[in-house]
Structure formats: C-alpha cells, structure tokens
1. Here are some residues: Lys133, Lys112. Which one is under 24 Å from the mean Cα position of the chain (by Cα) and surrounded by fewer than 16 Cβ atoms within 10 Å (Cβ to Cβ)?
2. Yes or no: Phe97 closer than 22 Å to Tyr53 by Cα and modelled with pLDDT of 80 or more?
3. Within the range 72-88, count every residue that is of a type in the set (Gly, Ala, Ser), surrounded by fewer than 17 Cβ atoms within 10 Å (Cβ to Cβ) and in contact with a helix residue (DSSP H, G or I) (Cβ under 8 Å, 6 or more places away or on another chain).
4. Only one residue in Gly49, Gly149, Gly67, Gly143 is at positive phi and either touching a Gly at 6+ places or on another chain (Cβ under 8 Å) or of a type in the set (S, T, N, Q) (or both). Which one?
5. Going residue by residue through the range 71-89, is there one that turns out to be farther than 27 Å from Gln171 by Cα, assigned to a strand (DSSP E or B), touching a residue at least 24 places away in the same chain (Cβ under 8 Å) and under 9 Å from the mean Cα position of the chain (by Cα)?
6. What do you reckon, is Leu186 at pLDDT 60 or above, in contact with a Lys or Arg (Cβ under 8 Å, 6 or more places away or on another chain) and within 17 Å of Asp120 (Cα to Cα)?
Amino acid sequence: MIARKLPIVSFCFVLVLLLSIALPAQMHQHSPKDHPPSAYKLVSIKVTGTKRYKPEDVIRATGLQLGQVVHKEDLEDVVRLLGESGAFTDIFYSLEFDPDGTKLELTVRNSKTFVPVNFDNLVWFSNQELFNKLHASVPLFDGEVPITGQMVNQISDALQALLDEKKVMGQVDARRIPDDGPYRGLHVLP
C-alpha cells in the first residue's frame with residue numbers, strides 16, 4: 001500500500017512544483033521597465049485610419065523621427081498635438097517593444113468638416129509655391145482646414161514667416177467667411 005501512495009504523492013508534488021513555476025510566468029505582465037534601453041528607440045511608425053492624409057504627412061506632423069528615443073510623455077504629446085490641429089476626432093496609439101526598438105502604430109479618425117482656404121493679395125508667390133511652402137511647414141495642410149482646432153493658426157504663422165522672409169510689410173489676418181450656414185472658406189489677407 002505504501003508503494004501505491006508514493007507515486008501519487010510524488011505526482012502531486014511534481015504537479016504543485018510545475019504550477020508554482022507556471023502561474024507566476026502567466027501572471028507576469030511585461031512593462032516598459034522589462035525592456036532593454038534599446039527598446040525605447042523608435043524603429044517604425046505606422047499610420048492607419050485616414051484616407052485624407054498620407055501616412056508620411058501624419059508622421060511629419062507628429063514631430064517624431066526614427067531612431068529617436070520615445071517615452072510615454074512623448075506619445076502623449078503626439079496625441080495632444082494631433083488633437084489640437086483639429087484634423088482628427090480620435091487618436092490612438094499602440095506600441096510593440098522588441099530588442100531592436102519600439103514600433104509605434106497611430107490610428108486616427110479624420111474630422112468630418114473641412115473648409116477650403118483662399119489666399120488673397122499674395123502676389124509674391126504662385127499658388128503652387130505657396131501651397132508647397134505651407135505644406136512643408138504644416139504637414140496636414142492640404143488646401144483645406146478643419147473648422148475647429150489650431151491648424152488655421154499654424155497656417156497663419158507659417159504664412160507670416162514666409163512674408164517676413166520676403167521682407168513684405170504686412171500682418172496675416174485669417175478670417176472665416178460665412179455663406180448661408182457653415183463656413184465655406186477661410187481667407188488669408190496680408
């Protein structure tokens with residue numbers, strides 16, 4: 001009889017030993033502290049959820065660059081910055097850590113209402129030159145702006161810098177022009 005109980009006792013001991021090893025491993029969640037310092041280096045950025053903007057324009061608007069070391073605060077700044085532009089109603093990010101670095105995925109949802117921008121009295125630039133220069137300064141500028149957010153101010157600041165560069169005396173004044181309801185356009189006057 002003792003011979004029969006020993007295998008059961010040893011089996012139970014082995015089972016308890018295996019469970020005591022397996023349970024903490026299953027309960028352990030990876031936190032950023034578990035990753036080597038190289039894991040914080042940004043190695044890829046992927047943008048999903050927008051058909052309006054090119055992924056590279058959204059990435060430029062974040063100010064992030066590959067090879068940059070990123071932390072939670074940096075990503076919170078990105079969400080705030082994109083949100084303040086008014087171009088997006090929702091912004092989410094997810095991270096994947098591996099020894100080579102951090103892989104960032106941004107998921108955005110475009111705002112619904114945009115209005116065209118019309119530039120008046122800017123004879124110093126062709127329309128294409130003006131668009132290219134403003135797009136270089138404000139990556140989410142595509143000829144239209146959201147009716148909410150800071151993009152109008154960003155465009156005004158970039159336009160003022162262009163005028164200052166050309167030594168044109170004048171102050172940029174952005175005005176919304178109503179037309180039977182929602183704004184139909186934004187005119188920028190020097």
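The values are calculated or read from the model by the stated rules, or taken from the named source; none is laboratory data. Keep in mind it's a predicted model, so treat the numbers as computed, not measured. As a convention, Cβ positions derive from the backbone with ideal geometry for all residues, glycine included, and neighbour counts pool all protein chains shown.
1. On the way: Lys133 fails: surrounded by fewer than 16 Cβ atoms within 10 Å (Cβ to Cβ).
Of the residues listed, the single one that is under 24 Å from the mean Cα position of the chain (by Cα) and surrounded by fewer than 16 Cβ atoms within 10 Å (Cβ to Cβ) is Lys112.
2. No.
3. Selection size over the range 72-88: 0.
4. Details: Gly49 fails: either touching a Gly at 6+ places or on another chain (Cβ under 8 Å) or of a type in the set (S, T, N, Q) (or both); Gly67 fails: either touching a Gly at 6+ places or on another chain (Cβ under 8 Å) or of a type in the set (S, T, N, Q) (or both); Gly143 fails: either touching a Gly at 6+ places or on another chain (Cβ under 8 Å) or of a type in the set (S, T, N, Q) (or both).
Residue meeting the stated conditions: Gly149.
5. No: zero hits.
6. Working: at pLDDT 60 or above: no; in contact with a Lys or Arg (Cβ under 8 Å, 6 or more places away or on another chain): yes; within 17 Å of Asp120 (Cα to Cα): yes.
So Leu186 does not fit the description; no.
Rundown of residues vs (1) part of a strand (DSSP E or B); (2) crowded, with 17+ Cβ neighbours inside 10 Å, yes/no style:
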{"position": "Glu105", "(1), (2)": "yes, no"}
{"position": "Val108", "(1), (2)": "yes, yes"}
{"position": "Pro116", "(1), (2)": "yes, no"}
{"position": "Leu122", "(1), (2)": "no, yes"}
{"position": "Glu129", "(1), (2)": "no, no"}
